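Every number here is computed from the coordinates shown, using simple stated rules; none is lab data. Just so it is clear, the structure is predicted and the values come from calculations on it, not from any experiment. Cβ coordinates were reconstructed from backbone atoms using ideal geometry, including for glycine residues, and neighbour counts include every protein chain displayed.
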Amino acid sequence: MPELKRLHAGHAPAVLAFELANRGYFAASVSDRGDEFFDQFTDRFGALLAEQEAGVCAFHVLVAGDGSVLGRFNLYDLEDGTAVLGYRVAQHVAGRGVATATVRELCRLAAAQHGLRTLRAATARDNVASRKVLVKAEFVPVGPAEPADLGGKQGTWYQRDLALRP
């Protein structure tokens, strides 16, 4: 059974394998991270852990029983009871409700562990799957997302008030 875990240093090899294995799949719906991301992965991963330690972000991975990463589910810019949600799941589990179930779980954790009251997430107009995940997880559209928010793509910001829903 997959388990949502807080990101730690030991996850680095599995996260890198996940990103490499799904790079082409991700690039079809979100901006490609670029070769630099992979060339500097160790430093970037360390920087993520430092941000998490500082309390400005909370990074999570969905880990399969064999230790492989099935998805990344992150809370960015934790401030004043609000955070931005970002997520991606492996191609081989996409379309099976994994992202929706995990986003719902992260909403629960965001309120219980981080005291957050509101989560926001932006998705590109052409990313139908991500829009469906957000709607099924009880996010509502709240306005347009600028191309700068989405790697040059037009989109929509969604929001969920955690105080009103369990």
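Structural remarks
- Of the residues His8, His60, the one with the fewest other Cβ atoms within 10 Å heads the list, and the complete ranking is His8, His60.
- Amide hydrogen neighbours beyond the local backbone of Tyr158, cut-off 5 Å, H modeled: Ala121, Ala122, Thr123, Val142
- In sequence order, calculated HN-Hα J values of the stretch 152-159 (Karplus, 6.51, -1.76, 1.60; Hz; x Gly/Pro): x, 9, 6, x, 9, 8, 10, 9
- Extension gain, Ala50 to Ala9, is 13.7 nm, computed as 0.36 nm per intervening residue step minus the present C-alpha separation.
- Of the trypsin sites (Lys or Arg not before Pro) in the stretch 1-104, those whose Cβ has at most 14 other Cβ within 10 Å and which sit in DSSP loop: Arg96
- Per residue convex hull volume, Cα atoms of the chain, in Å³: 114
- Charge sum, other residues only, whose C-beta stays under 10 Å from Val56's C-beta, Lys/Arg counted +1 and Asp/Glu -1: -4
- Mean separation of Cα contacts under 8 Å, 6 or more apart, over the residue count of the chain: relative contact order %: 19
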